Amino acid sequence: MKNIIIIFLTCLFSLAIYGQDVTGEWNGVLKVQGTQLRVVFNVTSADNGLIATMDSPDQEAIGIPTTTTSFEDSILRITIANAKIEYEGTLGQDNVIVGTFKQSGQEFPLNLSRERHVIQYSKTDSVKQYTTVMSWDHWRELYIAKGNSEAEADSAMREKLTWFAAMDRTAGDDLIGVAAPPFRFDGWLNSDPLTLDDLKGNVVLVRWFTDTCPFCASSAPALRELHEEYSDKGLKIIGVYHPKAGRNDPLDVQRVQRTVDAREFKFPIGIDWDWRNKTLKDWWLTGPDRPGTFILDKSGVIQFIHPGMEYHEDNGSELHTMCVSDMGRVRAAIERLIAE
């Protein structure tokens, strides 16, 4: 009888483990050389198993596609080949995944839970000034100034751009033909508040950006160029600022203004400070990898999505070949929709 009870309890325990759904958002914090870095895995079901993306919010990296994702015998395994990342962890009865994060031969403990983490910074950190990145060269200078070598900076830059070039260019296609959700911004610069109804009759390009992102900085000249070239032909550009670094800080309009002034944006700017709960959530974060640029037709329907963060004219660098191709696609979409 005792053996039967033990077997029965063992079966119940197994069902509790294997019956848990591993899909959804899993959050953890890496501790690397005294620095805390949040890591978020977003796991979803697919026809052939599981797929996932990884976010590194404190490094301004969102929606990094994984190479493989599997969950078997209570073990979650994730790999990202381009970044040489491997994660393996065991899901316990307490709904916590206890595991190890590996990258380029280094190993770090990383436990994941459903609970979002807020890193507590010192009072000095909470009021620090955020540097507006102006270009990839500027980002490289800042990276080296943090104590990294030139070789490490070059490797990090190449890794970011290689990841960008490999992004799925069809991501977001499910939104083509869908009416754009309404704006729910926390403020405006360069304009009175605008609604999508106010913009009907125009082709509208909506681009999210932030101050600490080199991809955004590298695209700034393209946005200025498109504004100058097409604004009198029926194109309205709406830039949307959302903070990545310091995302838990209180609304800081002056920080946004510094970025807008530094990048010389003359078009309307919406401030999506609470982007995790407001407009970006509605437009981007409610599905898998949502890109940063949307182009709407004259009736407010989404007709083009750029699946990434950067596009611009040819700058002579082989690392930016995809950016040049994407710029051509953005320009072609604008011209097609203006002509309709």
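The conditions of being exposed (fewer than 13 other Cβ atoms within 10 Å of the Cβ), over 29 Å from ASP261 (Cβ atoms), out of contact with any Cys (no Cβ under 6 Å at 6 or more places or on another chain) and modelled with pLDDT under 90 are not met by THR162. With respect to the conditions (1) buried (at least 19 other Cβ atoms within 10 Å of the Cβ); (2) free of Cβ contacts under 8 Å to residues at least 60 places away in the same chain; (3) touching a Gly at 6+ places or on another chain (Cβ under 7 Å), THR90 falls short on a single one, namely (1).
Could you grab me the full set of residues in the range 135-155 that are among the basic types (Lys, Arg) and in a helix (DSSP H, G or I)?
Of the range 135-155, the ones among the basic types (Lys, Arg) are 140, 146.
Within the range 135-155, ARG140 is the sole residue that qualifies.
Among the residues of this structure, LEU235 counts as one that is closer than 22 Å to ILE338 by Cβ and either at pLDDT 95 or above or aliphatic (A, V, I, L, M) (or both).
Report yes if some residue within the range 156-174 is in contact (Cβ under 8 Å) with a residue 24 or more places away in the chain, in a helix (DSSP H, G or I) and closer than 23 Å to GLU340 by Cβ; otherwise report no. Yes, the conditions are met somewhere in the range 156-174. State yes or no: is GLU107 surrounded by fewer than 16 Cβ atoms within 10 Å (Cβ to Cβ), in the same structural domain as VAL22 (by TED's automatic domain parsing), assigned to a strand (DSSP E or B) and of a type outside the set (S, T, N, Q)? So GLU107 passes the test. For the range 34-70, filtered to residues that are hydroxyl-bearing (Ser, Thr, Tyr), surrounded by 13 or more Cβ atoms within 10 Å (Cβ to Cβ) and part of a strand (DSSP E or B), the residue that is farthest from the chain's Cα centre (by Cα) is SER70.
Yes or no: the range 5-20 includes at least one residue that is at pLDDT 80 or above and of a type in the set (Val, Ile, Thr).
Scanning the range 5-20 turns up no residue that is at pLDDT 80 or above and of a type in the set (Val, Ile, Thr).
Residues that are surrounded by 15 or more Cβ atoms within 10 Å (Cβ to Cβ) and not aliphatic (A, V, I, L, M): find the strands (runs of 3 or more DSSP E) completely inside the range 181-250 holding 3 or more of those. Answer list for the range 181-250: 203-209, 235-241.
Suppose we filter the range 157-186 for residues that are within 17 Å of the chain's Cα centre (by Cα) and either among the hydrophobic types (A, V, I, L, M, F, W, C) or outside the structural domain of THR293 (by TED's automatic domain parsing) (or both); how many remain? Count: 8.
Contact map, the range 51-76: residues that are at positive phi paired with residues that are among the hydrophobic types (A, V, I, L, M, F, W, C) and modelled with pLDDT of 85 or more, Cβ distance under 7 Å, separation 6+ or inter-chain. Pairs shown: GLU60/CYS213; GLU60/ALA245; SER74/LEU91. Which of the residues spanning the range 224-246 are under 22 Å from ALA61 (Cβ atoms) and in contact with a Ser or Thr (Cβ under 9 Å, 6 or more places away or on another chain)? Within the range 224-246, VAL240, TYR241, HIS242, PRO243, LYS244, ALA245, GLY246 qualify.
Quick one: count up the residues across the range 305-323 that are in contact (Cβ under 8 Å) with a residue 24 or more places away in the chain and in a helix (DSSP H, G or I). Give the steps one after another, and end with the answer.
Of the residues in the range 305-323, the ones in contact (Cβ under 8 Å) with a residue 24 or more places away in the chain are 305-313, 319-323.
Filter once more, keeping what is in a helix (DSSP H, G or I): 319-323.
Number satisfying all stated conditions: 5.
The values are calculated or read from the model by the stated rules, or taken from the named source; none is laboratory data. Small disclaimer: the values here were computed from a predicted structure and weren't measured. All Cβ positions, even for glycine, are placed from backbone atoms using ideal geometry, and neighbour counts span all protein chains on display.
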